[in-house]
1. Examine the range 53-62 for a residue that is touching a residue at least 24 places away in the same chain (Cβ under 8 Å) and assigned to a loop (DSSP other than H, G, I, E, B), and state whether such a residue exists.
2. In the range 114-158, what residues are aliphatic (A, V, I, L, M), part of a helix (DSSP H, G or I) and within 12 Å of Arg14 (Cα to Cα)?
3. Can you confirm whether the range 39-49 contains a residue that is surrounded by 16 or more Cβ atoms within 10 Å (Cβ to Cβ), touching a residue at least 24 places away in the same chain (Cβ under 8 Å), within 15 Å of Ser139 (Cα to Cα) and hydroxyl-bearing (Ser, Thr, Tyr)?
4. Specify which of the listed residues (Asp124, Asp83) is within 24 Å of Lys62 (Cα to Cα), touching a strand residue (DSSP E or B) at 6+ places or on another chain (Cβ under 8 Å) and buried (at least 17 other Cβ atoms within 10 Å of the Cβ).
5. Considering only the range 76-93, I want to know if a residue exists there that is in a loop (DSSP other than H, G, I, E, B) and more than 17 Å from the chain's Cα centre (by Cα).
6. When the range 45-66 is examined, which residues are found to be at pLDDT below 95 and not polar (S, T, N, Q)?
7. Just need a number here: residues in the range 90-116 that are closer than 15 Å to Ala40 by Cα, buried (at least 17 other Cβ atoms within 10 Å of the Cβ) and either of a type in the set (Lys, Arg) or in contact with a helix residue (DSSP H, G or I) (Cβ under 8 Å, 6 or more places away or on another chain) (or both).
Amino acid sequence: MIRVLFVCLGNICRSTMAEAVFQQLVQEAGLTHSIKTDSAGTGAWHIGKPPHERTARLLLSKGITGYMHHARQVQRDDFQIFDYILTMDDENLADVNSLGVIGKAVVAPLLEFAPQLEAYEVPDPYYNDRYEEVYDLVSVACAGLLTAICEEHALLLR
């Protein structure tokens, strides 16, 4: 089983959106038996809360239904549990790396999987209301991530 963790600041906007988009791609590819996902935040402000209502509405408008999640904070154990820990911005990456954990997880910015984009960070829509832009960025990056995982682990896409 390949395990993927998406990380942002509060775990109610960007990381949940990325997880939901990636889950949808994994399902469409027929790989739910091979890839599992989760998301977490570097901060503890929203622990236990569902995705932000704007995130939830946008996902529904894009045909992504049934996504369920309650915010949690990234843990040291995640470095052993997950194969990939993907961050949304430089601050998230620094916070994850500051935990100083060495594990099996590849820690990287999500947008590394979308080199064709002219962006390196996924903006936080909680403060700037750029939910559509975030969706567009994570959609491209999640497609690139799935391709990279399939190539690395010799998984066949449907």
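1. There is at least one residue in the range 53-62 that is touching a residue at least 24 places away in the same chain (Cβ under 8 Å) and assigned to a loop (DSSP other than H, G, I, E, B).
2. Val134, Leu137, Val138
3. No, the range 39-49 contains no residue that is surrounded by 16 or more Cβ atoms within 10 Å (Cβ to Cβ), touching a residue at least 24 places away in the same chain (Cβ under 8 Å), within 15 Å of Ser139 (Cα to Cα) and hydroxyl-bearing (Ser, Thr, Tyr).
4. Numbers: Asp83 fails: within 24 Å of Lys62 (Cα to Cα).
Just one listed residue meets the conditions, Asp124.
5. So far as the range 76-93 goes, yes, one or more of its residues are in a loop (DSSP other than H, G, I, E, B) and more than 17 Å from the chain's Cα centre (by Cα).
6. Hits for the range 45-66 are Trp45, Gly66.
7. So the answer is 4.
The values are calculated or read from the model by the stated rules, or taken from the named source; none is laboratory data. Computed from a predicted structure; not experimentally measured. Positions of Cβ are generated from backbone atoms using ideal geometry, with glycine treated the same way; all protein chains shown enter the neighbour counts.
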